[in-house]
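What follows is one structure encoded as structure tokens, with my remarks underneath.
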Amino acid sequence: MLVLMVHTKVKENKKVKSMKRKQTLVGILNNHIVDYPTPGNLSYFWSFGSLAGLCLVMQIITGILLAMHYTPHVDLAFASTEHIMRDVNNGWLLRYGHANGASMFFIIVYVHIARGLYYGSYMKPRHHLWGSGVLIFFLMMATGFMGYVLPWGQMSFWGVTVITNLFSAIPVVGPAIVEWLWGGFSVDNPTLNRFFSLHYLLPFIIAAVAGLHLVLLHQHGSNNPLGIDSSSYKISFYPYFYVKDLFSFLCFILFFSVFVYYYPNVLGHPDNYIQADPLKTPPHVVPEWYYLPFYAILRSIPDKLGGVVAMGGAVAMLATLPYVNTGEIRSSVFRPIYRILFWIFVVNVLSLTVIGQIPVKEPFVTIGQVCTLLYFGYFLSLPLIAKLESHLNK
């Protein structure tokens with residue numbers, strides 16, 4: 001009888017603990033998704049963070065399914081890619097969805113970054129949130145580059161050869177880094193295996209950092225178009241902004257579907273449908289379109305090491321924004337001088353994208369150098385603009 005009572009008591013304790021655990025989980029989801037307090041004046045630009053999360057989930061799912069049929073070997077990689085396209089049920093949809101999904105991911109992230117720049121979302125106390133976002137962007141660039149190598153087409157092979165060779169410009173340790181990336185003394189099967197392994201692993205690391213990004217976002221709440229404290233005017237995420245995000249999702253799926261079903265190769269390079277040939281160099285080696293602004297900055301510097309430093313610095317400058325911009329005003333709504341500078345910066349980045357895909361010749365070399373100076377000039381001029389606008393507002 002005593003044993004029965006003890007057993008019953010233990011079962012009841014387990015049941016109570018289980019209910020508490022469920023209540024805690026439900027409470028966390030409720031606080032962070034349903035009743036999450038959101039500034040009431042957010043626009044549709046604040047839906048791009050959720051869209052980026054949707055893209056990440058789509059890339060992970062399609063990537064796992066593609067990995068089931070892909071063979072990471074230099075003699076079989078190109079054939080296995082064609083096998084996916086021709087023989088696997090809906091394999092063409094998986095591959096086009098994954099390839100174009102990467103482009104969609106970068107489009108959304110670029111708009112997300114531009115919104116942060118325009119409305120000053122990187123300023124304290126959200127500087128750690130911004131830093132985690134820059135880390136996600138860096139990991140995305142690494143993941144996308146490694147994924148570009150996997151089809152083992154002409155542009156894949158020569159793209160990885162050119163880009164990895166850039167590390168040789170680093171003094172002392174550069175050649176060792178290149179050999180480690182290659183797994184030998186040339187781009188070959190060990191290189192493809194390493195890139196496939198890292199390309200499979202990195203999206204899960206991105207997902208983990210994205211979770212941290214979300215936690216940091218909810219720590220101080222979302223910024224808003226006016227850039228002011230909106231704690232007195234907040235409404236629950238559900239159902240108000242849930243509807244906005246749902247509408248954005250539907251618009252995005254429609255936009256994405258147009259590329260997948262009607263223009264699946266418009267964002268890619270035709271040379272990647274030619275099997276990699278180490279003895280035949282393409283006339284013009286270019287990376288994917290979303291790397292072109294940084295590739296143009298790399299080519300604009302005559303010195304190899306200087307070009308590598310400038311390209312890395314172009315990404316790193318984003319992380320310095322919370323410490324470079326010391327102004328008290330966040331939003332460009334109240335910053336007329338910065339608003340002009342911002343749009344000059346956007347046009348300049350688009351110009352670098354165009355320059356990056358054009359062969360190295362005049363006058364494009366000079367234009368690229370001017371655009372590179374303007375790119376870094378934007379970040380370096382922020383403290384001066386902040387002081388000038390603060391003086392004018394007094």
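Might you report the magnitude of the Cβ-based charge dipole of the chain about its Cα centre, with Lys and Arg at +1 and Asp and Glu at -1, to the nearest 20 debye?
Details: 25 positive and 16 negative charges, 343 e Å.
In total the dipole reaches around 1640 debye.
Going by the alpha-carbon gyration tensor, a ≥ b ≥ c the square roots of its eigenvalues, is region 237-394 rounded (a/c under 1.5) or, if a/c is not under 1.5, prolate (a/b greater than b/c) versus oblate? Oblate, because a/c is 1.5 or more while a/b does not exceed b/c. With the gyration tensor restricted to C-alpha atoms of region 118-275, the semi-axes of the equivalent ellipsoid amount to 39, 23, 13 Å, longest first.
Note on the chain: dipole from Cβ charges, positive end direction compared against Phe249, His284, Met85; the farthest Cα belongs to Phe249. Rounded to the nearest angstrom and listed largest first, the equivalent-ellipsoid semi-axes of region 151-240 from its Cα gyration tensor are 44, 16, 13. Among Val365, Ser332, Thr320, whose Cα sits farthest toward the positive end of the charge dipole of region 288-394 (+1 at Cβ of Lys/Arg, -1 at Cβ of Asp/Glu, about the Cα centre)? Looking along the dipole axis, the top candidate is Ser332. Three semi-axes describe the equivalent ellipsoid of the chain; taken as square roots of 5 times the Cα gyration tensor eigenvalues and ordered largest first, they are 38, 33, 20 Å.
Using only side-chain charges placed at the Cβ, +1 for Lys and Arg and -1 for Asp and Glu, the dipole size of region 288-394 relative to its Cα centre rounds to 220 debye. Which aspartates and glutamates have a Cα lying under 16 Å from the Cα of Lys244, excluding residues fewer than 8 positions away in the same chain? Lys244 reaches Asp35.
State which helices in the chain qualify, where a helix is a whole DSSP H run, it must extend 15 Å or more along its own axis by its Cα atoms, and its mean Kyte-Doolittle hydropathy must be at least 1.0. Kindly include the intermediate steps, with their values, before the conclusion.
Numbers: long enough: 2-29 (41 Å, -0.13); 48-67 (28 Å, 2.06); 91-119 (41 Å, 0.65); 127-149 (34 Å, 1.24); 154-165 (17 Å, 0.59); 189-220 (47 Å, 0.86); 242-262 (30 Å, 1.66); 304-319 (24 Å, 1.61); 336-356 (30 Å, 1.81); 364-392 (39 Å, 1.19).
Flagged H segments are 48-67, 127-149, 242-262, 304-319, 336-356, 364-392.
Taking packing as the residue-averaged number of other Cβ atoms within 10 angstrom, the listed peptides 169-181, 201-213, 69-81 run from highest to lowest as 69-81, 201-213, 169-181. Close amide-amide hydrogen proximity is noted between Thr38 and Ile235, Ser236, Phe237, each under 5 Å apart and 5 or more residues distant or on a separate chain (H modeled in the peptide plane; Pro and chain starts excluded).
Please report the orientation-averaged projected area of region 221-307, defined via the convex hull of its C-alpha atoms, in nm². Numbers along the way, then the final one.
Working: hull surface 45.8 nm².
The Cα convex hull of region 221-307, projected and averaged over all directions, gives 11.4 nm².
Each of Leu201, Val260, Ser390 was placed along the dipole of the chain (beta-carbon charges, centred on the mean Cα), and the one lying farthest toward the positive end is Ser390.
Only the coordinates and a few stated rules stand behind these numbers; no lab work does. In this text, all values refer to a predicted model and were calculated from it rather than measured experimentally. Neighbour counts run over all protein chains shown; Cβ positions are idealised from the backbone, glycine included.
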